[in-house]
Amino acid sequence: MGFEFKFPDVGEGITEGELVAWKVKEGDLVTEDQVLAEVETDKAVVELPSPRQGRVMKLHAQEGSTIHVNDVLVTFAEHQETISQPISQPVLQSPAIPESEERKDPGAVVGQLPEYEEPSQPAPFYLKDGQIIRTFEDFKRILPRIDDGTFAHHVNEQKNDFANWIEQSLHQKQAADIIRGMKTKQAIVEYLSGVTSMVKAMPGVRKEAKEKGIDVSKVKATGKHGQVTKEDLTAGENRRVSAADSTEDKIPASEKKGVTIKEREYDLYGYIETMPLKGIRKIIAQRMMESQQKTASVTHFDEADITQLVEIRKSLNATLGDKQIHLTFLPFIVKSVIAVLQKHPSLNAEIDDATQQIILKKYYNIGIATDTPYGLVVPVIKIANNKSLLELAQEITKLHDLAQNRKLDPADMMGGTFTVSNGGSVGGKLATPILNYPEVALLWIGRLEEKPVVSDGAIVIRKCLPLSLTFDHRLIDGAEAARFMNDLIKSLQEPYWMFLG
């Protein structure tokens, strides 16, 4: 029995990660702390060190797959074992497959699972406007959208063709006959809305299925003439219980090792391409949904005349010259944001939903939303209130470079109290950004632009910066958000104060 190294629980709510790359191979003799693999967790790629010295007997996951906390990743040989000894219990062991059916793939690590085959489907039915119907449910969905005038030309004309299709392809003669007898689109729609499915089942079976919450259309029918029986319902329940007890079945099909899913190449309207939702994109999706579900967000818009700040920045960069520091606008904005947050503490806070408490943060950790080739990440400048403009500039540059190279540590992205998103560097004027939950406020900066402004009765050209402030309306009132924005604008328009302290 070898020593099993499992994907550790690192806390911070991380329950899974993506195995980016193995750094060892089976048969290698590794030392303690030697890097075994690179794993992407919480938008960061981290290295997994070996917990011991030993020879690698087995690697239990494939690169690109999702691994969960407590999954066995590596089995090490004990002293008396050799690399050729079998392993007692692989974590994701493939089911027994008749040798004649087993696929040949010498590169597989954990054996092969049978290739998933989509159930056979009837031939599609084509409406004259190009829409494709593959199932009865497709027709129920599409038909109500077609206006009556068009219906007369391409649905009514095809009514009999469609009826023939459902009789021949779906083997539903009774439904086909009923549709053939319909005179109007409305009659067909009403008929379709009253039919749960095209599946044959006696009323008693349908009633039992409804009581048990079973979709009778998804039950494998074994009765006479393809009817679903009560025994089929029971068999289906047993299969679901068995599936629920299977650890592997808790993993999305697209992430199962050794499984190849036949992807659809087209939908109702044309060719498509599909890809798994995983890695950073999966985390972003989860975070966005969490924020939307747990906050009451609203956005306030305004703009600041930063003509003076533009001149100051230009002058400072000229002065810095050969010091290899280039000041962007972001350090100035972070500096101003912190000063204004100190006057408006409710925007540097969070709501503890579990205890129903408001937590005002007495420190200022500013997240910088950063666009990378791998997706949006938000590294955090810790205790930014204690840092000078140059220190902020240097740290922003460092975090940006780490983010671009996927070298951020998970700790680099934790602990934020307020986020700044410089969307204007890409383009755009205003936005309604989503909060970086559990933070309660986020500032989005638009593209700097020159525009005519009325000043003392005259029209002058000024450099203006659009600003969008999203805030959690559960904690922050609209008036408070407006006051915050007014103070921020004043701070940016009169930037000399930054050099006083």
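List of remarks:
- Residue match in the stretch 383-394 (condition: touching a residue at least 24 places away in the same chain (Cβ under 8 Å), within 29 Å of Glu290 (Cα to Cα) and crowded, with 16+ Cβ neighbours inside 10 Å): yes
- Residue under evaluation Ser336, criteria (1) open to solvent by 50 Å² or more (accessible area, probe 1.4 Å); (2) among the hydroxyl-bearing types (Ser, Thr, Tyr); (3) within 30 Å of Ser455 (Cβ to Cβ), criterion not met: (1)
- Subset of the stretch 355-374 (residues that are of a type outside the set (A, V, I, L, M), open to solvent by less than 20 Å² (accessible area, probe 1.4 Å) and in contact with a Gly (Cβ under 8 Å, 6 or more places away or on another chain)): Asn365, Gly367
- Of the residues making up the stretch 348-362, not a single one is of a type in the set (Gly, Ala, Ser) and closer than 29 Å to Glu450 by Cβ.
- Subset of the stretch 66-82 (residues that are at pLDDT 85 or above and assigned to a loop (DSSP other than H, G, I, E, B)): Asp71
- Unmet requirement for Val35, which otherwise passes all of (1) modelled with pLDDT of 85 or more; (2) within 21 Å of Val377 (Cα to Cα): (2)
- Criterion: open to solvent by less than 90 Å² (accessible area, probe 1.4 Å) and either farther than 27 Å from Leu316 by Cα or in a loop (DSSP other than H, G, I, E, B) (or both) - qualifying residue of Leu465, Leu488, Leu469, Leu492: Leu469
- Pair list, Cβ < 9 Å and 6+ apart or interchain, from the stretch 25-43 residues that are touching a residue at least 24 places away in the same chain (Cβ under 8 Å) and under 16 Å from Leu73 (Cβ atoms) to residues that are among the aromatic types (Phe, Trp, Tyr) and open to solvent by 20 Å² or more (accessible area, probe 1.4 Å): Leu36/Phe5; Leu36/Trp22; Ala37/Trp22; Glu40/Tyr374
- Residue count for the stretch 27-47, restricted to those that are closer than 16 Å to Thr372 by Cβ and in a loop (DSSP other than H, G, I, E, B): 2.
- If you go through the stretch 361-378 and keep only what is touching a Ser or Thr at 6+ places or on another chain (Cβ under 9 Å) and assigned to a loop (DSSP other than H, G, I, E, B), you end up with Lys361, Tyr363, Tyr364, Asn365, Val378.
- Close pairs from the stretch 459-474: first of a type in the set (Phe, Trp, Tyr), partner not in a strand (DSSP E or B), Cβ under 6 Å, at least 6 apart: Phe471/Ala481
- Applying the criterion of being of a type in the set (S, T, N, Q) and under 25 Å from Gly375 (Cα atoms) to the residues of the stretch 250-286, the residue that is modelled with the highest pLDDT is Gln286.
- No other residue among Ser197, Ser169, Ser246 is at pLDDT 70 or above, within 40 Å of the chain's Cα centre (by Cα) and among the small types (Gly, Ala, Ser) apart from Ser169.
- Per-region count, the stretch 401-447, residues under 17 Å from Ile381 (Cβ atoms), over 20 Å from the mean Cα position of the chain (by Cα), among the aliphatic types (A, V, I, L, M) and open to solvent by 20 Å² or more (accessible area, probe 1.4 Å): 2
The values are calculated or read from the model by the stated rules, or taken from the named source; none is laboratory data. Keep in mind the model is a prediction, meaning the values are calculated, not measured. Positions of Cβ are backbone-derived with ideal geometry, glycine not excepted, and every protein chain shown enters the neighbour counts. Remember, those area values only see protein heavy atoms, side chains included, never the ligands or the DNA or RNA. Shrake-Rupley method; radii C 1.70, N 1.55, O 1.52, S 1.80 Å.
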